[in-house]
Amino acid sequence: MKLALNFPALLQAFFTDRLMDQRNASEHTIAAYRDAFRLLFDYAQKHLGRAPSALTLEDLNSAFIGAFLNHLERDRGNSARSRNARLAAIHSFFRYVSYQLPEHSSLVQRVLAIPGKKHERAIIDYLSEVESSALLDAPDRSRAAGRRDYALILLAIQTGLRVGELVALSCADVTFGTGANVRCLGKGRKARCTPLTRP
């Protein structure tokens, strides 16, 4: 069956071929895209009266996608950042469609022309010296668990690693001595190396 005539097959191919095989997308990306399409299908069910299996590519035109994005903000109370994350999933799918079904390029281009919404980026605050000292003084270093907690807090303060990055570290990720550093695989599977200093 042609993908153009079978929207569910096209969407499944996007997840399996494009995201998993070609892009090797992380579980988090796949879950976020899945959730975006679940919300889109729920919206389509309510506003078009069609189940996901009955949708066609033409149903997902730019006007419908725009109305869906407005619904996310207005009715669901999503932030501009959440709206943009859903739009990124939709854009990614339509870029895939542009290669698979070039005969739909006009529809695809109109959807891809939907811009992300501008939002303020929060300034990341840092801990003062007093706050850092209070955190470091909290663990009971006479106990093994306290020494572990102290080491994790100190490493977090020095390197700025996320909690998930900290707990994923192994001994092989830490280099001591001259040029002491920590290597980790961060968000988006980006590798980084952070120098360590004396506390």
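Residues whose amide H falls under 5 Å from that of Asn78, counting only those 5 or more places apart or on a different chain, are Glu73, with hydrogens built in the peptide plane. Annotation: the residues Arg148, Arg18, sorted from fewest to most other C-beta atoms within 10 Å of their own C-beta, follow the order Arg148, Arg18.
Before rounding to the nearest 500, sum -39500 (n - 2.57) across all DSSP H runs of length at least 4 in the chain and divide by the residue total; then give [θ] at 222 nm in deg cm²/dmol.
Value at 222 nm, helices only, nearest 500: -16000 deg cm²/dmol.
Please state the shape class of segment 39-144: rounded when a/c is under 1.5, otherwise prolate if a/b exceeds b/c and oblate if not, all from the C-alpha gyration tensor. It comes out prolate by the Cα gyration axes.
When the chain is treated as a Gaussian network with alpha carbon springs shorter than 10 Å, the biggest mean-square fluctuation among Ala138, Ala51, Ala31 belongs to Ala138. By the count of neighbouring beta-carbon atoms within 10 Å, fewest first, Cys184, Cys171 end up ordered Cys171, Cys184. In this label model, Asp35 and Ala145 are separated by 3.1 nm, measuring between points 7 Å along each Cα→Cβ vector. Judged by the gyration tensor of its Cα atoms, with axes a ≥ b ≥ c, segment 109-199 is prolate; a/c meets the 1.5 cut and a/b is the larger of a/b and b/c. Prolate is the label for the chain, because the ratio a/c of its alpha-carbon gyration tensor axes (a ≥ b ≥ c) is 1.5 or higher and a/b is greater than b/c.
In plain terms, the chain from Asn6 to Arg76 could stretch by 22.2 nm, reckoned as 0.36 nm per residue minus the Cα-Cα distance. Taking 0.36 nm per residue of separation and subtracting the current Cα-Cα distance, fully stretching the chain between His28 and Arg198 would add 57.7 nm. Footprinting exposure proxy ranking of Ser105, Ser128, Ser98, fewest other C-beta atoms within 10 angstrom first, gives Ser128, Ser105, Ser98.
Give, in nm to one decimal, the length gained when the segment between Leu136 and Thr56 is fully stretched (0.36 nm per residue of separation minus the Cα-Cα distance).
23.1 nm
With a Förster radius of 30 Å, plug the Cβ-Cβ distance of Glu120 and Ala67 into 1/(1 + (r/R0)^6) and report the FRET value to the nearest 0.05. The formula returns an efficiency of 0.75 here. Averaging Cα coordinates gives a centre for segment 152-196 and one for segment 108-144; these two points are 16 Å apart.
Only the coordinates and a few stated rules stand behind these numbers; no lab work does. Since the model is a prediction, treat every value here as computed from it, not as a measurement. No Cβ is skipped: glycine too gets one built from the backbone with ideal geometry, and neighbour counts run over all protein chains shown.
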